[in-house]
Amino acid sequence: MLDIDHCLPWSAWPCGDLWNLLPAHRLVNQRLKRDRLPAEEMLGKAREAIQAWWGRTYLEAGSAVLPRRFADEARASLPGLAGEAGPPAPEAVFAALRVQRLRLRHDQGVPEWAG
């Protein structure tokens, strides 16, 4: 069974934006990762899967609303995307996600989960 989990934990940064919501195995979400950040290495290994999820679920879903919402939320909450013309590419959103992860780790000392 799958849960929908916040990649960057809600307890550290209350952000329910689409780009921050990812499928997770229920055991991982509820007992292993919990309120920790994914370690940089884990996030890097999951890059292709995350970007594919964003594409299938939000960007290519045939909805007129989801792609715009995804782009608007990413621009509003992630560093470095506000000035981009047009919708940010998934690669740019992922790079900004990594920067925000690093900020939470260094500024707030949010612990990491390395699997």
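The values are calculated or read from the model by the stated rules, or taken from the named source; none is laboratory data. If you're wondering where the values come from, they're calculated on a predicted model, not measured in any experiment. A quick note on method: Cβ atoms are made from the backbone with ideal geometry, for glycine too, and the neighbour counts reach across all protein chains shown.
Structure above, values below:
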| item | result |
| --- | --- |
| Residue list for the stretch 41-80, restricted to those being in contact with an Asp or Glu (Cβ under 8 Å, 6 or more places away or on another chain) and either of a type in the set (D, E, K, R) or at positive phi (or both) | 73, 75 |
| Counted residues, the stretch 1-40 - those being without any contact (Cβ under 8 Å) to a residue 40 or more places away in the chain, within 16 Å of residue 76 (Cβ to Cβ) and either among the hydroxyl-bearing types (Ser, Thr, Tyr) or in contact with a Ser or Thr (Cβ under 6 Å, 6 or more places away or on another chain) (or both) | 0 |
| Members of the stretch 106-115 found to be at negative phi and either in a strand (DSSP E or B) or at pLDDT 95 or above (or both), listed by number | 106, 107, 108, 110, 111, 112, 113 |
| Residues of the stretch 76-105 satisfying the condition of being of a type in the set (D, E, K, R) and assigned to a loop (DSSP other than H, G, I, E, B) | 84 |
| Options 9, 67, 23; residue that is part of a loop (DSSP other than H, G, I, E, B), surrounded by 12 or more Cβ atoms within 10 Å (Cβ to Cβ) and out of contact with any His (no Cβ under 6 Å at 6 or more places or on another chain) | 9 |
| For residue 29: the one exception among (1) modelled with pLDDT under 95; (2) surrounded by fewer than 16 Cβ atoms within 10 Å (Cβ to Cβ) | (2) |
